[in-house]
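The values are calculated or read from the model by the stated rules, or taken from the named source; none is laboratory data. Please read all numbers here as calculations on a predicted model, not as lab measurements. Note that we place each Cβ from the backbone using ideal geometry, even for glycine, and neighbour counts take in every protein chain shown. Surface areas here come from the heavy atoms of the whole protein model, side chains and all, with no ligands, DNA or RNA. Shrake-Rupley method; radii C 1.70, N 1.55, O 1.52, S 1.80 Å.
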Amino acid sequence: MQDEHRRAIQNNFASLVEQTDLDHMVSTLYEKGVFSEQMIEPYKDLTKDARSRKRLLYRDITRRGPDAFRNLLDALSDAGYWDLVRDLDPNSSLHTRRTKISAPSTSMANENDYVSISTEKKRPNHELM
């Protein structure tokens, strides 16, 4: 793992531990080949609290080779932890500019398209048909 990726994990360690689901992350990282079946046993040890096991997971992932960071980002993204992905990877595609919602322009909206409720109530019924 590159030093910058290791630092990103260390800088966001508390958020990773607090916000993620241990079972989901362990199974996803196992499926992605980051950890072997034997390696995930400590994360399943129920004699330790979940927080300690998550701390161990994120410490261990920094030692899992050059693809571990990308696989971590993929696992976080798959689980919907997009804020964590953005925090860990400033170059993430999740940093795309946010679309700005604006009022319709005059070329798209015509004031005749809108009907005032108060005006409609004042009209005699035969005009509405």
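Values for this structure:
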quantity: Tabulated pairs, segment 13-41, first closer than 14 Å to residue 74 by Cβ, second surrounded by 13 or more Cβ atoms within 10 Å (Cβ to Cβ) and of a type in the set (Phe, Trp, Tyr), C-beta under 8 angstrom, 6+ apart or interchain; calculated: 20/81; 29/35
quantity: Condition broken by residue 71, with the remaining ones in (1) open to solvent by 40 Å² or more (accessible area, probe 1.4 Å); (2) modelled with pLDDT of 90 or more satisfied; calculated: (1)
quantity: Residue 47 being on the phi < 0 side of the Ramachandran plot and either touching a residue at least 24 places away in the same chain (Cβ under 8 Å) or in contact with a helix residue (DSSP H, G or I) (Cβ under 9 Å, 6 or more places away or on another chain) (or both); calculated: no
quantity: Of residues in segment 1-35 being of a type in the set (Phe, Trp, Tyr) and assigned to a helix (DSSP H, G or I), the one farthest from residue 52 (Cα to Cα); calculated: 30
quantity: Only one of 54, 44, 32 that is surrounded by fewer than 16 Cβ atoms within 10 Å (Cβ to Cβ) and out of contact with any strand residue (DSSP E or B) (no Cβ under 8 Å at 6 or more places or on another chain); calculated: 44
